[in-house]
Amino acid sequence: MDKIKVLQIVPSLSLSNGVAAYLMNYYQKMDFSRFDTTILVLNDDNKGRYEAFEKCGCKIVELIKNESWGKYLKRINIFFKENHFDIVHCHAPNYGAFYMHYAKKNGVKIRILHSHANKYADTKINAIRNYLLFKIAVKKSNYYLACSNEAGKFLFGKKHFEIMNNAIDFAKYKFNVEKREELRKELNIAESFVIGEVGRFCPQKNQLFTIDIFNEIHKIKEDSKLILIGGGDLEEKINNKIKEYSLGDSAIVLGSKPNAYDYYNCFDAFLLPSTYEGLGIVLIEAQVNGLPSYTSIDRVPKLAKICPLLKFLDLDKGAKFWADYILNDKENTRKDYDEEINNSDFNIEKEAKKLEEYYLSFA
């Protein structure tokens with residue numbers, strides 16, 4: 001049987017990009033004898049995952065806008081004229097308005113739009129723009145996937161969509177005491193109470209609020225530490241806020257890490273006070289590691305809770321409330337919930353087969 005030619009359209013392959021992490025988890029477990037995959041990248045800000053995807057047999061193509069919209073759209077059209085794909089799977093609904101249009105125009109029969117979020121954008125002007133672009137992308141696509149029911153309903157409304165869970169390799173994220181001791185020694189935080197957050201530095205992930213929370217915790221627990229892993233536009237503001245609070249070496253900004261999963265081992269609690277999430281895959285990772293985790297109520301889907309370790313708190317109650325809750329949480333200790341986790345829908349071994357079968361159903 002001929003291989004199915006699949007085009008994945010992603011915003012970025014940076015280490016801190018959630019879509020790239022999602023796709024990497026799947027492609028490390030899929031059977032490549034059945035698929036010929038090209039990954040089209042819209043932003044080359046960071047090539048952190050290029051090598052890993054190439055090792056999975058994927059071809060990477062950059063199609064980045066660096067000219068007028070007229071010339072850029074012409075390049076998109078030429079790309080689809082010169083390259084045949086059986087399936088186009090788009091993870092960027094704003095750009096999907098253009099890519100799905102030209103995919104359809106050039107005869108691609110299977111055009112899958114994938115929803116990874118439940119909000120249009122961080123700012124009002126971008127939200128208005130994306131609202132219009134998302135509508136076009138939905139119209140030009142003919143199959144729909146989402147990482148959660150909330151993300152699906154947000155983008156597709158009453159259209160039929162299927163859930164493709166943000167699954168992970170549980171073995172990679174299981175707690176490792178040797179790795180904990182090694183990293184705590186390396187970071188000079190051996191006896192500290194450590195709070196961590198992993199994610200792109202952007203308003204959505206709300207790291208500035210995380211620093212507010214940590215500042216309140218640090219007033220009470222002076223030996224506490226904050227570790228932020230990621231990269232992005234908010235980095236300068238993050239560093240300035242740390243200086244503003246005079247947190248010094250108590251707040252550690254590590255940047256993007258290819259082995260971010262190792263650092264869960266040296267945390268004692270995990271924070272993700274996002275303003276919105278399609279799911280929040282790092283919350284799944286943290287729970288698998290046994291970490292008490294705290295995220296935003298009504299902003300993050302309840303699907304993210306796979307065991308009692310995850311608590312939902314109200315952003316509107318402020319940093320002091322969050323800090324007091326974390327410090328007074330009687331369940332704020334590392335625990336294993338293997339049965340609940342293994343019975344959840346986030347096992348990559350199972351979900352990778354599901355995506356394979358989904359693609360093969362179009363053959």
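Quick notes on this one:
- Shape class of the stretch 170-342 from the Cα gyration tensor (axes a ≥ b ≥ c, square roots of the eigenvalues): rounded, since a/c falls below 1.5.
- Angle between the chain longest axis and helix 177-186 axis [Cα atoms, degrees, rounded to 10]: 80
- Within the stretch 29-43, backbone nitrogen closer than 15 Å to the virtual label 7 Å beyond the Cα of Asp2 toward Cβ: 34-37
- With a simple spin-label model that places each label point 7 Å from the Cα along the Cα-to-Cβ direction, the separation between Asn43 and Lys65 comes to 1.2 nm.
- Average Cα contact separation per residue, the chain, under 8 Å, 6 or more apart, as relative contact order %: 16
- With neighbours defined as other Cβ atoms within 10 Å of a residue's Cβ, the residues Val300, Val288 order from fewest to most as Val300, Val288.
- Averaging 1/r across all pairs of distinct Cα atoms in the stretch 117-177 and inverting the result yields a Kirkwood radius of 13.5 Å.
- Cα-only Debye scattering, the stretch 247-323: base-10 log of I(q)/I(0) at q = 0.26 Å⁻¹: -1.30
- Projected label points at Glu51 and Ala171, each 7 Å from Cα along the beta carbon direction, are separated by 2.2 nanometres.
- Note on the stretch 155-225 and the stretch 295-363: Cα centroid distance 12 Å, given to the nearest whole angstrom.
- Net length available on complete extension from Ile297 to Asn83 is 72.6 nm, with 0.36 nm assigned per residue and the Cα-Cα distance removed.
- Note: the stretch 34-156, Cα convex hull, 129 Å³ per residue.
- Sequence ranges 48-58, 2-12, ranked by mean other-Cβ count within 10 angstrom, highest first: 2-12, 48-58
- Result for the chain in a Gaussian network model with C-alpha springs under 10 Å: among Phe321, Phe154, Phe175, the largest mean-square fluctuation is at Phe321.
- For the stretch 1-90, the alpha-carbon coordinates run over 39, 34, 17 Å along the three principal axes, in decreasing order.
- In summary, the convex hull built on the alpha carbon positions of the stretch 271-363 has an orientation-averaged projected area of 6.8 nm².
- Rounded to the nearest 20 debye, the dipole size of the chain about its Cα centre is 1840 debye, using +1 on the Cβ of Lys and Arg and -1 on the Cβ of Asp and Glu.
- Each eigenvalue of the Cα gyration tensor of the chain, multiplied by 5 and square-rooted, gives one semi-axis; in descending order these are 36, 22, 19 Å.
All of the numbers you see were taken from the coordinates with simple rules; none came from a lab. Predicted model only: the values in this text are computed from it and were never measured. A quick note on method: Cβ atoms are made from the backbone with ideal geometry, for glycine too, and the neighbour counts reach across all protein chains shown.
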